[in-house]
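Engineer: Would you mind keeping the following structure in view while I ask a few things?
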Amino acid sequence: MIGFITDTTDTKKKEFVTPTGEEDLVILAEDAVFSADDKTVNQNVLTVGSTNSGKSMSICEPRLLHTYNSSLVIPLVKRRLFDRYSALLESRGYQIIDLNLAHPELSKTGYDPCKGIKTQDDMLTLAAAIVGGSSKSMDKSDDPYWSESTAGCIAALMGLAKYHGNLTMSYVMELFTQLSVTYPNGHARTTLDDDFEELEMVDPDSQAPRLWRALSGTASRTASCIVSLMTNALSKFCGEYGKALFDKPEAKMVSFKELGRKKSALFITTSATPSSQKISNVLYADLIKQLFDEAEEMGGSLSVPVHILFDDFACGSKVEGFAEYLSVFRAARISCTILLQSLSQLSSLYGPYASTTILDNMDSMVFLGSLNYDTCSEFAKRAGMSAEEVLKMPVGDVIVSRRGWGTRKTKRYPTPEDDVYKKYIAEPDQVRE
């Protein structure tokens, strides 16, 4: 059993009590355990710590151990978490969804980004996510013309696919592979122009022909740049990778709205490959949008709350629209845990405005240690410590901030000593009484 743990900040002693019962919990540290049903704060958690500081073991795994009622989205790089926790969650009545973006040919589940499209604006939103996932950022400091034109042309392909009665990502890719461009009189003429002209005659309200004119009819240099950017954005979705992910039977395609209707655990396996990173960022943007669509259909909030884990949140490309959505997560019964290596990662990828918005919507923060001076300085201010003290903070010590609770230096949550962990997860030789 777990005994008393000495608080090094004063002479008092406090007892660590393993959480019990079937209540969803937010576990931040050994003495920072809260109900996920607490309505006074949002349940978003920002976790910052260098590599191997224990972010997964101390924050993510306790969340899985003590979630009984909320749907979960769980990213994986290695399959360890799936092997450890899928059976446990299934025993609690969860629908287990295993989506492998790293090796879609091995995945039991497929994913079609076009599945959630309802409106023409949805097409532009998805296209922007695809273009955003193909570049390091889409900050306002960049010239927006090229990204907007490229996204518009990809959205136009989706509109044409809908007109042809086959709005699937596979067919959008087929249309893209059919695309070729010639330059009579120095201006672009594409092999799809006749289709768009027909669409405009049949449906004058369709935005697809207008969006396509960002490419068709433009000067050769402009057109060739847009085609190059489209190729960069879409090429990883073509070929065997796309077929394995997009062409599975309908019954095996993931439905994100289901997470808000029925207790579900969506495990998403990713890798460092460009195709996997790109589709995962598109997926998260699509996931959040579909969950909000479902919440709106249900009168403003999901029937089943959804908690999303974002591992290495700022290591790839940004999730389009995340800062704006995060501001209204709570009303829809959505929450998230973000894992970062440093605060500078966040500001570098999302820019000063969006990164500040993200931080402002985190009612809980956990710092597990780092040698990044700016990050240490920020948490030092919160804890009333010097940056040098935080830089020297022993491994296993953490700084926890929670709105209405304050900021404290304490100890990491001892996951291996959790009763649920010892009973269901630990190997027999790992259990310590």
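The values are calculated or read from the model by the stated rules, or taken from the named source; none is laboratory data. If you're wondering where the values come from, they're calculated on a predicted model, not measured in any experiment. Here the Cβ is made from the backbone with ideal geometry for all residues, glycine too, and neighbour counts use every protein chain on show.
Engineer: List the number of the failed condition for residue 216; all other conditions in (1) surrounded by fewer than 18 Cβ atoms within 10 Å (Cβ to Cβ); (2) part of a loop (DSSP other than H, G, I, E, B); (3) of a type outside the set (D, E, K, R); (4) free of Cβ contacts under 8 Å to residues at least 60 places away in the same chain hold.
Structural biologist: (1)
Engineer: Ok, one more. Being among the polar types (S, T, N, Q), modelled with pLDDT under 95 and surrounded by 19 or more Cβ atoms within 10 Å (Cβ to Cβ) is the filter here; which residues of region 316-335 pass it?
Structural biologist: Within region 316-335, just 317 meets the criteria.
Engineer: Would you check if there is a residue in region 121-139 being surrounded by fewer than 20 Cβ atoms within 10 Å (Cβ to Cβ), farther than 23 Å from residue 236 by Cβ, of a type outside the set (Val, Ile, Thr) and modelled with pLDDT under 95?
Structural biologist: yes
Engineer: Sticking with this structure for a sec: Look at residue 39 and say whether it is surrounded by 10 or more Cβ atoms within 10 Å (Cβ to Cβ), in the same structural domain as residue 416 (by TED's automatic domain parsing) and at pLDDT below 95. Show your work before the answer.
Structural biologist: On the way: surrounded by 10 or more Cβ atoms within 10 Å (Cβ to Cβ): no; in the same structural domain as residue 416 (by TED's automatic domain parsing): yes; at pLDDT below 95: yes.
Criteria not met by residue 39.
Engineer: Moving to a separate point now. Quick one: which of 163, 85 is in the same structural domain as residue 346 (by TED's automatic domain parsing) and either within 30 Å of residue 354 (Cα to Cα) or out of contact with any Pro (no Cβ under 8 Å at 6 or more places or on another chain) (or both)?
Structural biologist: On the way: 163 fails: in the same structural domain as residue 346 (by TED's automatic domain parsing).
None of the other options fit; the residue is 85.
Engineer: Of all residues in region 389-408, which are surrounded by 20 or more Cβ atoms within 10 Å (Cβ to Cβ) and closer than 21 Å to residue 61 by Cα?
Structural biologist: 398, 399, 400, 401, 402
Engineer: Is region 103-125 home to any residue that is part of a strand (DSSP E or B) and under 16 Å from the mean Cα position of the chain (by Cα)?
Structural biologist: So far as region 103-125 goes, no, none of its residues is part of a strand (DSSP E or B) and under 16 Å from the mean Cα position of the chain (by Cα).
Engineer: Does residue 11 satisfy the criteria of being within 29 Å of residue 341 (Cβ to Cβ), at pLDDT below 95, in a loop (DSSP other than H, G, I, E, B) and out of contact with any strand residue (DSSP E or B) (no Cβ under 6 Å at 6 or more places or on another chain)?
Structural biologist: On the way: within 29 Å of residue 341 (Cβ to Cβ): no; at pLDDT below 95: yes; in a loop (DSSP other than H, G, I, E, B): yes; out of contact with any strand residue (DSSP E or B) (no Cβ under 6 Å at 6 or more places or on another chain): yes.
Taking the combined requirement at face value, the residue does not satisfy it.
Engineer: Would you mind telling me which numbered condition in (1) among the hydrophobic types (A, V, I, L, M, F, W, C); (2) farther than 19 Å from residue 245 by Cβ; (3) within 13 Å of the chain's Cα centre (by Cα) residue 292 fails?
Structural biologist: Exception for residue 292: condition (3).
Engineer: Report whether or not residue 223 is modelled with pLDDT of 95 or more, small (Gly, Ala, Ser) and more than 25 Å from the chain's Cα centre (by Cα).
Structural biologist: So residue 223 passes the test.
Engineer: If you take just the helices (runs of 4 or more DSSP H) that sit entirely in region 312-428, which of them hold at least 2 residues that are more than 16 Å from the chain's Cα centre (by Cα)?
Structural biologist: Per the criteria, 329-332, 343-360, 373-383, 387-391, 419-424.
Engineer: Among the numbered criteria (1) in a helix (DSSP H, G or I); (2) in contact (Cβ under 8 Å) with a residue 12 or more places away in the chain, which one does residue 99 miss?
Structural biologist: (1)
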